[in-house]
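S.K.: Supplied in structure tokens, the structure appears directly below.
Please treat every number below as a calculation from the coordinates, not as lab data. Computed from a predicted model, the values in this text were never measured in an experiment. Every residue, glycine as well, gets a Cβ built from its backbone with ideal geometry; the counts of neighbours run over all protein chains shown.
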Amino acid sequence: MYGVLLIVVLIITGGAIAFIGDRLGTKIGKKRLSLFGLRPRHTSVVITIFTGICITTLTFGVMAAASQNVRTALFGMEQLNRTMRETKDSLNQAQADLQQAQVEQQQTDEALAKSKDDVEKLKGQQQELEEKSARLQEGNRLLEAAKLDLLHRNDVLAAENSTLGAQNELLTGTNKTLTENNAVLERHAQNLRDGLITIREGDIVYQAGEVIASGVVRGGRTQFEVDNDLRALAELANRNVSEKLGEDKSDQDIWIYQPEYAEAVKTIAASRNDMVVRIVAAGNLVRGEAIRTTLELYKNSTVYEDKEFILAKPYMLTGKSDSEPEQVVMDFLNEVNRAATAKGILPDPIRGTVGVIEGAQFYDIVGSLRGKHGSWILSAYANGATDAIGPLRLKIRVEQQGNLP
């Protein structure tokens, strides 16, 4: 729009100037004016030329005033060409730089891709290192725990070593004691060998554990009173030995270990119960040897009252064998013996029996069962009050089971 306006202005301006020049030339020609002494015809030509010059000058002036590009084209063309060359050179340099930059960018992209691959590899290596670090930390923890455990074991072993040292010293002393004891045992072994020879060749008066004398000593008294009772029981044991040997043994009393005797006196004196005291053989006593004994103490109490029921047991008789009744009675007496022992009566150490039955009563019972058949019940009752020292005296009843109420 700006160019069209400029062209219109130039056309109008050129036409105006041409019109003015034509009018001016016509007037000068009519008036036959002369400039600079020239002929009128030449003056008209000069004015026409001047008018053309004015038109051209005014045209360029208007164009130069109206447009920077015209001024540049008229007055700065050389500078413009130089600038264009510089710009072209700059453009060529920029294009070269761009190509170089594109090459460098491609190289950078390749390096970046390689860097990304390296980063991925480094991430994988980092993960592996983290896992290794975790395993190492766990291993360090286990090693620390093992170290603490070893320190604890070391302390325990040190304590055990100290204990073993003490035990070693103790064992050294014990070894010395054992050596001395071994010599004593060798002497005892020799004595035992001599004793075995004596047993083979001699007469055994009492077996080991056999009761020589027994009695009940009341507890809860002074030690002096208890000592008198125990001395009396020892005198009874001496008499029993003399009677068994059939000779006077007053010059060879029984031997009781004195610390054991003193402890027995204290125990009975301090007891609230009466005590059963047994003087038993400490070993097999051979005629002519020292009579060594030990004391056995048991609490005494009434186990069975007079006529108290002890045991009843049924037996099935066939009547076909003469030995059957005797076997039944012996079996029943063994059952009574076990029941009385379980209730508290002290059995004989050698035979293990607690009861006493007269021979006549035994054979009467056997005779009453001889030839019988069917179910018969044997019942045992205490024949008198019986305490723990015994013996248990029996009264036995025989009844046929069908006749029971």
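S.K.: Once you have the Cα-Cα distance between Thr83 and Arg287, take 0.36 nm times their residue separation minus that, and quote the gain in nm to one decimal. Mind dumping the intermediate values first?
M.R.: Numbers: separation 204, 0.36 × 204 = 73.44 nm, distance 15.87 nm.
Here the segment from Thr83 to Arg287 would lengthen by 57.6 nm.
S.K.: Once amide H atoms are built 1.01 Å from N in the peptide plane, which residues 5 or more positions from Asp274, or in another chain, come under 5 Å H to H?
M.R.: Gly219, Asn300
S.K.: Right, something else. Taking the alpha-carbon set of the stretch 303-403, what are its Rg and Dmax in Å?
M.R.: Taking only Cα atoms of the stretch 303-403, I get Rg and Dmax of 13.7, 40 Å.
S.K.: To continue, here is another question. Using each residue's phi in the stretch 108-118, evaluate 6.51 cos²θ - 1.76 cosθ + 1.60 at θ = phi - 60° and report the 3J(HN,Hα) Karplus result to the nearest Hz, with x for Gly and Pro.
M.R.: Along the stretch 108-118, the couplings run 5, 4, 5, 5, 5, 4, 5, 5, 4, 4, 4 Hz.
S.K.: Taking 35 Å as R0, compute the FRET efficiency from the Cβ-Cβ separation of Ser379 and Thr267 and round it to 0.05. Intermediate values should be presented prior to the final figure.
M.R.: On the way: r = 39 Å, r/R0 = 1.11.
According to the calculation, E is roughly 0.35.
S.K.: How far apart, in nm, are the 7 Å Cα→Cβ label points at Glu120 and Asp306?
M.R.: Between Glu120 and Asp306, the simple spin-label model gives 11.7 nm.
S.K.: Please compute P(r) over all alpha-carbon pairs of the stretch 204-300, binned at 5 Å starting from zero, and give each bin as a whole-number percent.
M.R.: Histogram of Cα-Cα distances, whole percents per bin: 3, 14, 25, 24, 16, 10, 6, 2, 0.
S.K.: So what are the ³J(HN,Hα) numbers for the stretch 120-134, from phi and the Karplus equation (6.51, -1.76, 1.60; θ = phi - 60°), rounded to whole Hz, Gly and Pro as x?
M.R.: 4, 4, 5, 5, x, 5, 5, 4, 4, 5, 5, 5, 4, 4, 4
S.K.: Now for a different question. Within 14 Å, Cβ to Cβ, of Val103, how many net charges do the neighbouring residues add up to if Lys/Arg are +1 and Asp/Glu are -1? Don't skip to the end; give the middle numbers.
M.R.: Values: positive: none; negative: Asp97, Glu104, Asp109, Glu110.
Summing Lys/Arg as +1 and Asp/Glu as -1 gives -4.
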